[in-house]
Amino acid sequence: MDDTLPRPFKCATCKKGFTRQENLKRHVNTHHKGRNAPVFPCSQCSAKFARSDLRKRHVENCHISTSASPSKTAPPPSLPPTVGDSPSTAAWLDVLLTHPPQPKGDMLEPMQQISQSYEQTSPAISSEIRCVESFFEGFHRNFPILHEASFHIVSTQVPLLNVITCIGSLYCESTVDEATRKAVFESTLSSLQQYVEQNRSRYQETWVLQTFLLLEFLGIYGGNDTSFLKAQRIHRDLIDAIRLLQMSQDSSIESLSMTSGEDSGYGEEGDEDDMQEPVSAEALNEQWQDFIRKESRKRCVYMLYLLDSQLAILCNLRPMLSSLEIKYDLPCCEDIWLARSDRDWFEKRRQRFKSFDEPDDQAYAHETPPSQGFFYEASQTLLHANRNDDGHRGPGEKHKPKKLRLLWASPFAAVILVTQLQMMARELTHASCLLERPKSQRRALSILTDKQHAQISQALKSIAELVPRSQKPVFSFFDFGRMDVLSDSHDDQTPLWHTFWILWYYTSITLSHPDSLLVSGVVESNLPLAIATAGHLATPRSKDKRDIYEDRDVFRILNDLEMALDLLNPIKSTAPPALENPFITLLGFKICLVGWRLVRLTMPAAQRSSDNSGGMMLGNSNNGRSNPSRFVLDAIMACVGTGGDDDAENAAAALAMLDRPVDLARSEVRFLEWIVANFTKRTTWPVGSWVAAVMHESLAKAREAYAAPMSE
């Protein structure tokens, strides 16, 4: 074999390199597992080690008194090694465009570091620190790929710190303006691309993946057409890299070593042995660092899948990454990921394991995992949760994977699963558009078959049953008996649960009302064009040119629509508009377009009913409830009410809205006014202003059509 070929796959035990992952796996199984694996027991305790140097370090740290070796001091627990550190850091110094990070020897405690920075440095450095803090407070909860507890400004790679500062500047007042963000984006991307072009295996470094993903997100939603095109190139390069280096599966590199069990975090297979008390503080810290490294890699791969799905949903681009390629288990619970120390992490994992240590789980834990991976298994469990018609599965024959049982504790995992269902529905819709349909169904609104709709809808309901009900909106017209309590607005995970529910409702709506860009085959090259096209496709059309809305479709959509509109309403939302993910802002726009179509659809019939009853201003509640169009219109308009009193927060007041007289001729204008005002408040990212500008044009046309006066 040619010795000049790159060998990116390194054995974690002996450091030998291989050109293919299969060769590395065979090497590990032959030399480092089973009876061939060398074992080095400690002579003073029961601990065993795979390498003699590990045993030596264990003896020096655990069995020799501190007075005998005063020079060896354990690192401060508040300063764990940075996840991004790697032997190739020196190579990065050749392509840095800015000063290198401060050496590790000069590292300070996090709070001491921040306080001294404010006292001794310039206002520009203070602004940078403020941007980093705003990044974690405002953005990171929706993009959880960094391990916050092990993040330190002074030891973070400069490119990663630069992009963090740029994104954080959007969430606070700082000296970083639009021109600065663009310049930093360009310089950081150029230098990082040069860094990985020198050695493609550098994509395996966690900080490189994190930096590229943040740059891609900033390029997509940052508001510059050139940056959007470069973000698409980043996306293609990342997908090519993880395929070349086989990083999309759980068996990559570290997990092949003999000391690695199955993926951890929840108390899963192989975790029972890990729950034993560590032999030393150093051993515990090593386990924590290993968990951080693996979980960070996993989250980066899943985030790449989410970004791939977002580009497909927003611009109707064909997805480049299939969920079948991802062989990782689902991300861990958020409290485990957010643990502030190794001891806190260990205790949270032990609590998770003990809480679900059921006898029958042990039999399930040793089953052979499916060849398609744990992600595939989780989605299939949701899709076939109630399948027993063919006798393949009866109640109690097979338990849900424990990851799904703890889905309530991981909003990131919940978002991933709903995204997969959304992409599945899009693929089925796309294929159905290409297949020949009966003439009577060619203009039908719903394209999926009843069986497809039922199966995906059931999977969505299964997920909804596994997540916290307290995160749902306050009131539904179709759920009069339930009065859920909104979660505390200060809950750290509220923004990500808000993301989950908007995505959940959008997915449920599109099962009956598919995306207009998808069914029309329009592909756009940037977000402003995609927004403008979506708005144009939603404009009113004559009856012979629009889809046929069956009653079943309308009432399927209405329940999800009114609850989604409640979430988009700042008065009732579980998350402030400033913290909303820009992708979710655009999904909210698409949901509002569906609402606009229903308002236009129901207004004529509702107005005719009103006229026949003796006028537009009615006080007869039975009229609204007996006329389906009036009922649908009242339900939608109740969600966009502008009242700020507490009456709108309870079911009794919401029901009373059905009896309240409505100016039907102004319903469309009022709805569009609400959309413009609502998205104008979303100022953190530019997408809110783009939506407001497009809808303002439609509002002006509606006012002209109805001769409605301009509202103040």
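Quick check, is residue 644 at pLDDT below 50, over 21 Å from residue 534 (Cβ atoms), in the same structural domain as residue 568 (by TED's automatic domain parsing) and assigned to a loop (DSSP other than H, G, I, E, B)?
yes
Examine region 549-556 for a residue that is outside the structural domain of residue 217 (by TED's automatic domain parsing), modelled with pLDDT under 85 and aromatic (Phe, Trp, Tyr), and state whether such a residue exists.
yes
Mind telling me which of the residues 215, 244 ends up being buried (at least 19 other Cβ atoms within 10 Å of the Cβ) and either closer than 30 Å to residue 22 by Cβ or modelled with pLDDT of 90 or more (or both)?
Sole residue among the options that is buried (at least 19 other Cβ atoms within 10 Å of the Cβ) and either closer than 30 Å to residue 22 by Cβ or modelled with pLDDT of 90 or more (or both): 215.
Look through 169, 126, 155, 174 and report the one residue that is surrounded by fewer than 23 Cβ atoms within 10 Å (Cβ to Cβ), in contact with a Cys (Cβ under 8 Å, 6 or more places away or on another chain) and polar (S, T, N, Q).
Matching residue, one of 169, 126, 155, 174: 174.
Mind checking whether some residue in region 563-574 is assigned to a helix (DSSP H, G or I) and hydroxyl-bearing (Ser, Thr, Tyr)?
Scanning region 563-574 turns up no residue that is assigned to a helix (DSSP H, G or I) and hydroxyl-bearing (Ser, Thr, Tyr).
Check off (1) at pLDDT 70 or above; (2) touching a helix residue (DSSP H, G or I) at 6+ places or on another chain (Cβ under 6 Å); (3) in a helix (DSSP H, G or I) for residue 682 and give me the number that stays unchecked.
Tallying (1) at pLDDT 70 or above; (2) touching a helix residue (DSSP H, G or I) at 6+ places or on another chain (Cβ under 6 Å); (3) in a helix (DSSP H, G or I), residue 682 fails exactly one: (3).
Select from region 496-515 the residues that are closer than 26 Å to residue 227 by Cα and modelled with pLDDT under 95 and list them in ascending order.
Answer for region 496-515, where residues must be closer than 26 Å to residue 227 by Cα and modelled with pLDDT under 95: 496, 499, 515.
Do we have any residue at all in region 175-182 that's under 15 Å from residue 159 (Cβ atoms), touching a Leu at 6+ places or on another chain (Cβ under 6 Å) and either at pLDDT 95 or above or in a helix (DSSP H, G or I) (or both)?
no
Do you know which residues across region 582-607 are among the aromatic types (Phe, Trp, Tyr) and either under 16 Å from the mean Cα position of the chain (by Cα) or surrounded by 23 or more Cβ atoms within 10 Å (Cβ to Cβ) (or both)?
Hits for region 582-607 are 583, 589.
Tally time: how many residues in region 183-208 are of a type in the set (Asp, Glu) and surrounded by fewer than 17 Cβ atoms within 10 Å (Cβ to Cβ)?
Final tally of qualifying residues: 2.
Quick one: in region 9-45, which of the residues that are closer than 17 Å to residue 244 by Cα and in a loop (DSSP other than H, G, I, E, B) is modelled with the lowest pLDDT?
Only one residue tops the list, namely 20.
Of 499, 507, 533, which residue is free of Cβ contacts under 8 Å to residues at least 40 places away in the same chain, in the same structural domain as residue 413 (by TED's automatic domain parsing) and crowded, with 18+ Cβ neighbours inside 10 Å?
Within the list 499, 507, 533, the selection yields 533.
Quick one: residue 261 ticks every box in (1) modelled with pLDDT under 90; (2) under 30 Å from residue 584 (Cβ atoms); (3) surrounded by fewer than 22 Cβ atoms within 10 Å (Cβ to Cβ) bar one, so which box is it?
Only one criterion is unmet by residue 261, namely (2).
What residue, of 324, 330, 317, 338, is at pLDDT 65 or above, surrounded by 19 or more Cβ atoms within 10 Å (Cβ to Cβ), under 30 Å from residue 218 (Cα atoms) and of a type in the set (A, V, I, L, M)?
So the residue among 324, 330, 317, 338 that is at pLDDT 65 or above, surrounded by 19 or more Cβ atoms within 10 Å (Cβ to Cβ), under 30 Å from residue 218 (Cα atoms) and of a type in the set (A, V, I, L, M) is 330.
I'd like to verify a number: residues in region 568-581 that are surrounded by fewer than 24 Cβ atoms within 10 Å (Cβ to Cβ) and not β-branched (Val, Ile, Thr), how many?
8
Just give me the residues in region 506-542 being hydroxyl-bearing (Ser, Thr, Tyr), under 21 Å from residue 600 (Cα atoms) and outside any helix (DSSP H, G or I), in sequence order.
539, 542
Residue 60 passes all but one of (1) touching a helix residue (DSSP H, G or I) at 6+ places or on another chain (Cβ under 9 Å); (2) at pLDDT 65 or above; (3) under 21 Å from residue 342 (Cβ atoms); which number fails?
Residue 60 satisfies every listed condition except (1).
Does any residue in region 291-302 that is closer than 17 Å to residue 245 by Cβ come within less than 9 Å, Cβ to Cβ, of a residue that is among the acidic types (Asp, Glu) six or more places away or on a different chain, and which pairs are these?
If the second residue must be among the acidic types (Asp, Glu), the pairs left are 293/254; 294/250; 294/254; 294/263; 297/254; 298/250; 298/263; 298/329.
Would you check if there is a residue in region 209-229 being among the charged types (D, E, K, R), assigned to a helix (DSSP H, G or I) and closer than 21 Å to residue 294 by Cα?
No; the residues of region 209-229 include none that is among the charged types (D, E, K, R), assigned to a helix (DSSP H, G or I) and closer than 21 Å to residue 294 by Cα.
The values are calculated or read from the model by the stated rules, or taken from the named source; none is laboratory data. Remember, it's a predicted structure, so these values are computed and weren't measured experimentally. Note that each Cβ is placed from the backbone with ideal geometry, even for glycine, and that neighbours are counted across all protein chains shown.
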